[in-house]
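Report on the structure given below.
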């Protein structure tokens, strides 16, 4: 599925990949060495990676990392977030996490969240 950005983030103006063919960053198999080299030399590398992590980008090379490396970072961040305040995926109410897989503020939101794909993006 292809998503289109309505507005480009501010960091994109200084990105090394600006104006380049994006197919090299979205290959059918592994990202190429050339694409990784572009990312390594990019002044916006960390902002790009943060953007991908915040927007759940599963495909392509973002900030020099592929999808599996970004998923690993997200798992590590979740593991460190037990006891922190998180927003409910259904109603956006803040709550304190008890476990790693604690995504809902109450039982009602948990039921709604599992039965619906209309979550609030947090």
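Bear in mind that the values in this text are calculations on the coordinates, not laboratory data. In this text the structure is predicted, and so the values were computed from the model without any measurement. All Cβ positions, even for glycine, are placed from backbone atoms using ideal geometry, and neighbour counts span all protein chains on display.
Highest-first packing order for the peptide set 104-114, 12-22 is 104-114, 12-22, based on the mean count of other beta carbon atoms within 10 Å.
Helix 67-79 and the longest principal axis of the Cα set of the chain meet at an angle near 30°.
The C-alpha atoms of the chain define a longest principal axis, and helix 45-54 lies at about 30 degrees to it.
Per residue, the chain reaches -9500 deg cm²/dmol at 222 nm when only DSSP H runs of four or more residues are counted, each adding -39500 (n - 2.57).
Hey, could you grab the Kirkwood Rh for the chain? Inverse mean 1/r over distinct alpha carbon pairs, Å, one decimal.
On the way: mean 1/r = 0.0611 Å⁻¹.
Result for the chain stands at 16.4 Å.
Across all directions, the average flat footprint of the convex hull enclosing the Cα atoms of segment 10-78 is 4.5 nm². You can think of it this way: the chain between residue 24 and residue 74 has 15.6 nm of extra reach, that is 0.36 nm per residue less the Cα-Cα gap.
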